[in-house]
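A quick write-up on the structure given underneath.
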Amino acid sequence: MPTDLTELHVDPLDALAAKIRERQATAAVVGLGYVGLPLLVGIHQAGFPSLGIDTDQTKIDVLTARRSHVVDVADSEIEAMDRATFSANPAPLGEADVIILCLPTPLSDGAPDLTMVLTAAEDVARYLKPGVLVVLESTTYPGTTEELLRPILEESGLVAGRDFALGYSPERIDPGNREHRLDSTPKIVAGLTDRCRELAVSFYSAFVHTVVTTATPREAEMAKLIENTYRQVNIALVNELAVMAKDLGVDIWEALHAAATKPFGYQPFWPGPGVGGHCIAIDPTYLSWRAGQQLGYRVGFIEHANEVNNRMPDYIATRVAEMLNAAGKAVNGSRLLGVGVAFKAGVDDLRGSPAVEVLERLDAKGADVRFHDPYVETVTIGGRKLRSVPVDPATLADTDAVIVLTAHPQIDVHAIVAAAPLVFDARGATVGIDEPHVERL
């Protein structure tokens, strides 16, 4: 009796479609960070057999012990994944019917570094079999899925669109956001062919309420870069306005809050010490780099926005120094407490954090720098490993100035203002608190 697909004359992609419909397709997520782990949880909760792959053995050990290393995923959610397996070895990819790549794509000397994605693609190619859907979720420039990922996968001897399906679906995870979760955030999905797209849509629709499609992966890749370029440019705009407003004698926070009352034609953005994290500080540069590579010019708006936001840590450090000087104190030797060092509120992520850059600059000026962050235990400043200190009356009394750099929801700014001799607020957390010893960006 024939047992393989060739003898049965079953199209491998038809067989995959049936497995997806019946929730019998084994899904593997490669890269179990802030994007991959929530995705794997969602897939498992939808009823698919699940595999988690990551080269970091420490992560695998934690997950195998049914604990979470990601702030947005509770230990209880990992404990419930009793049918999921985790591995630092790519060999289990041979069991997968759906493989999703969620690898970091950092910048290296101003250019995209796709090393981790391409290495993972080589692993996938070694274990690829007919009737598998491969989807890239990593942020990248238009053309990556077709020009880089496809050739590597086809080194397996299989043909994309015929033997296996290939798609792109940019991640839209917002760390620390309790309102917009994986299932409630519209998912952009694209495929190399119409059939590839149909299969990807069928899979994602099992655990995401709304799926939006584009004609090719290029439009989906571009859409992700547009989203974060929009944020980068608008944050740079309000940062530049904040610098200008001080010289004009304008309270930028009051002006921005007033502007935000307009119910049409305006979306509020807020100034701060710069941008960081996994998206805004990196993704727009991908687009500008790609334009320079293919078209011979870079995107002026993006380049200027990068310059403005990259200047903000220096500007904040200078403003703190001026505040201390006005109080008769020098930066050199002052005891300064940075409140919040993660790149945004509600997370423990230090990647590209402008708060860390501010403290680095103050440390370089001779300040005795400490920090408090409810999510971060340690951080390295000026080559020294610092441990988070409590924000209590004793600590505040022994501080010349507090700099609010990341406004985590747990931080009691009223208590800080009441006990600290000087407060510089880079995030607008003290808006509404009018005290002579408080200064805002």
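The values are calculated or read from the model by the stated rules, or taken from the named source; none is laboratory data. Note that this is a predicted model, so its numbers are computed, not measured. Cβ coordinates were reconstructed from backbone atoms using ideal geometry, including for glycine residues, and neighbour counts include every protein chain displayed. Keep in mind that these areas ignore ligands, DNA and RNA; they rest on the heavy atoms of the full protein, side chains included. Shrake-Rupley method; radii C 1.70, N 1.55, O 1.52, S 1.80 Å.
In terms of accessible area, using a 1.4 Å probe and ignoring ligands and nucleic acids, His209, His437, His44 rank largest first as His209, His437, His44.
A DSSP coil position with no more than 13 other Cβ atoms inside 10 Å describes the following GluC sites (Glu not before Pro) in the stretch 356-426: Glu377. Extension gain for Ala394-Asn177 works out to 74.9 nm (0.36 nm per residue, less the C-alpha to C-alpha distance).
Put simply, the Cα atoms of the stretch 48-172 extend 40, 38, 23 Å along their principal axes, the longest span coming first. Look at where the Cα atoms of the stretch 374-408 and of the stretch 138-194 average out, and the two centres are 40 Å apart. The phi torsions of the stretch 412-427, fed into the Karplus equation with coefficients 6.51, -1.76 and 1.60 and a -60° offset, translate into couplings of 8, 5, 5, 5, 5, 4, 5, 10, 7, x, 9, 9, 10, 9, 8, 10 Hz, rounded to whole numbers, with Gly and Pro shown as x. Rg then Dmax, both in Å and based on the Cα atoms of the stretch 274-362: 16.5, 55. Taking all Cα pairs closer than 8 Å and separated by 6 or more residues, the relative contact order of the chain comes to 10 percent.
Backbone geometry of the stretch 32-48 corresponds, through the Karplus equation with coefficients 6.51, -1.76 and 1.60 at θ = phi - 60°, to 3J(HN,Hα) couplings of 10, x, 5, 9, x, 5, x, 5, 4, 4, x, 5, 5, 5, 6, x, 7 Hz, x marking Gly and Pro. Annotation: amide H-H contacts under 5 Å for Ile188 (H modelled 1.01 Å from N, sequence separation of 5 or more, or interchain): Val212. For the chain, modelled as a GNM whose springs connect Cα atoms under 10 angstrom apart, the maximal fluctuation among Gly272, Gly346, Gly296 occurs at Gly296. Applying both filters, DSSP loop and at most 11 other Cβ atoms within 10 Å, to the GluC sites (Glu not before Pro) of the stretch 13-100 gives Glu22.
At the residue level, Ser76 shows approximately 70 square angstrom of accessible surface with a 1.4 angstrom probe and all protein chains present. Sorted largest first by accessible area at a 1.4 angstrom probe radius, with every protein chain in place, the residues Tyr315, Tyr286 fall in the order Tyr315, Tyr286. Please report the accessible area of Glu179 (heavy atoms, 1.4 Å probe, ligands and nucleic acids excluded) in Å², nearest 10. We get 140 Å² for Glu179.
Applying both filters, DSSP loop and at most 11 other Cβ atoms within 10 Å, to the trypsin sites (Lys or Arg not before Pro) of the stretch 198-273 eliminates every site. Fraction of C-alpha pairs exceeding 16 angstrom in the stretch 326-432: 53 percent, rounded to a whole number.
Within the full protein context, the accessible area of Asp61 is estimated at about 90 Å² for a probe radius of 1.4 Å.
Put His69, His408 in order of accessible area, highest first, and with a 1.4 Å probe you get His69, His408. Scalar couplings 3J(HN,Hα) for the stretch 80-90, obtained by applying the Karplus form with A = 6.51, B = -1.76, C = 1.60 to θ = phi - 60°, are 6, 8, 5, 9, 8, 10, 10, 8, 8, 9, x Hz; x denotes Gly and Pro. Just checking the listed ones, Phe269, Phe371, Phe424: in the Gaussian network model of the chain with Cα springs under 10 Å, the one fluctuating most is Phe269. Counting only protein heavy atoms and a 1.4 Å probe, the stretch 88-223 has 38 square angstrom of accessible area per residue. Less than 5 angstrom separates the built amide H of Phe371 from those of Gly338, Val389, all sequence-distant by 5 or more or on a different chain.
Each listed q (0.15, 0.20 Å⁻¹) maps to a log10 I(q)/I(0) for the stretch 187-332 from the Debye sum over equal C-alpha point scatterers, namely -0.93, -1.19.
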